[in-house]
Structures are given as C-alpha cells and as structure tokens.
Amino acid sequence: MKPNITRNILLILLAFLGLGAIGGGGALIISPSGDLLKMPVSLLEKSPFNNFLVPGIILFSILGLVPIMLIFALLKRPECKLAEKLNFFKDMHWSLTYTVYVAFALIIWIQIEMVFLGAVGWLHTFYMFFALSLFLWHCCLKSETYIKSK
C-alpha cells in the first residue's frame, strides 16, 4: 500500500477515536450525572467514582485530545524533546510511537470499563478491534515512511 494511503487511513482512525472521545468525554464533563448521555450513575457502583466527571476528563483528554494532536504531529512531524524522551522506538518519529500508546490506552480504558461494569457489550468488542487496527496501521507506516534517517 502507498505510504500516503496508509498514513491517511491511520489519520482517519485517529480522527474517529478523537472526535468520538471528545464528544463523549465532553458530554460527561458537562453532565457528570450522565443524564446527557442517558447513562445512570448506578453504572459506577463498582467503580471508585461517584459520578462521570473524572471518567469524562480522562476520556476527553487521553482518548480525545491526544489522538487529535497526533494527527497534526503525524502530518507535520515536529520536534519535541519531551515526547522524544518517552519514545521507546528511537528509530522512528515520536508521533508514530504515540499511536501505539493511544492504542494501548484504549485497550486499558475498555478493560477497566468492562471490569467496573461487570459486562461486555458489542461496543467493547468494537473498540478492542479498533485498538488493534490502530496498532496494525502503525506497523504498516513504521515499515514505510516514519523511520528516521541516519
């Protein structure tokens, strides 16, 4: 597959995740009772939270803002010393490495959600496969265009 097509698919996946998490997280921040999304607070009885504010903030920032910022980083490839320090794959640009971090964050989010809810729904399965697809597209790009030149 051509690098631009592969990159564009990854950008679309990140946009889908980011915009959905911004919408969902924003709704939970605005309405911590869950009323806006028609989610009863009773869903949180097995969790450490009294309302949806903290989960909303986490969803909004980690799975919402970070993927949106990564879209710009993947397109522009800016230098960032702090991001580079946390880059475990030193042979590639930090923005591509961070797509793996986002995929793992999504997996962790879904796993914790399933534990707190004590149930697994179709959406959990969808987002688990979604996280795997983020990782797979990362692998495609890694082999094509984001390797640092020596």
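The values are calculated or read from the model by the stated rules, or taken from the named source; none is laboratory data. As the structure is a prediction and not an experimental result, all values here were calculated from the model. Every residue, glycine as well, gets a Cβ built from its backbone with ideal geometry; the counts of neighbours run over all protein chains shown.
Tabulated results
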{"item": "Near pairs, Cβ below 7 angstrom, 6+ apart or cross-chain, from region 74-95 (surrounded by fewer than 11 Cβ atoms within 10 Å (Cβ to Cβ)) to any residue that is modelled with pLDDT of 90 or more", "result": "PHE88/THR97"}
{"item": "Any hit, region 100-113, residues being surrounded by 15 or more Cβ atoms within 10 Å (Cβ to Cβ) and at pLDDT below 95", "result": "yes"}
{"item": "Pairs with Cβ under 8 Å, 6+ apart, first in region 123-150 and under 16 Å from VAL102 (Cα atoms) and surrounded by fewer than 12 Cβ atoms within 10 Å (Cβ to Cβ), second at pLDDT 90 or above and not hydroxyl-bearing (Ser, Thr, Tyr)", "result": "none"}
{"item": "Region 118-141, residues that are farther than 16 Å from LEU14 by Cα, part of a helix (DSSP H, G or I) and out of contact with any helix residue (DSSP H, G or I) (no Cβ under 6 Å at 6 or more places or on another chain)", "result": "TRP122, LEU123, THR125"}
{"item": "Matching option when the condition is at pLDDT 95 or above, of a type in the set (Gly, Ala, Ser) and under 14 Å from LEU11 (Cα atoms), among GLY56, GLY64", "result": "GLY64"}
{"item": "Residues located in region 22-32, provided they are assigned to a helix (DSSP H, G or I) and crowded, with 17+ Cβ neighbours inside 10 Å", "result": "ILE22, GLY24, GLY25, ALA27, LEU28, ILE29"}
{"item": "Filter result for the condition that a residue is in contact (Cβ under 8 Å) with a residue 40 or more places away in the chain, surrounded by 13 or more Cβ atoms within 10 Å (Cβ to Cβ) and of a type outside the set (Gly, Ala, Ser), over LEU70, LEU53", "result": "LEU70"}
{"item": "Residue match in region 33-48 (condition: assigned to a loop (DSSP other than H, G, I, E, B), buried (at least 16 other Cβ atoms within 10 Å of the Cβ), free of Cβ contacts under 8 Å to residues at least 24 places away in the same chain and hydroxyl-bearing (Ser, Thr, Tyr))", "result": "no"}
{"item": "Any hit, region 14-25, residues being more than 22 Å from the chain's Cα centre (by Cα) and in contact (Cβ under 8 Å) with a residue 24 or more places away in the chain", "result": "no"}
{"item": "Number of the condition not met by LYS148 [criteria: (1) modelled with pLDDT of 85 or more; (2) in contact with a Lys or Arg (Cβ under 9 Å, 6 or more places away or on another chain); (3) more than 19 Å from GLY18 (Cβ to Cβ)]", "result": "(1)"}
{"item": "Filter result (of a type outside the set (A, V, I, L, M) and in contact with a helix residue (DSSP H, G or I) (Cβ under 9 Å, 6 or more places away or on another chain)) within region 39-59", "result": "GLU45, LYS46, SER47, PRO48, PHE49, ASN50, ASN51, PHE52, PRO55, GLY56"}
{"item": "Residue within region 77-95 that is under 22 Å from PHE126 (Cα atoms) and of a type in the set (A, V, I, L, M) present", "result": "no"}
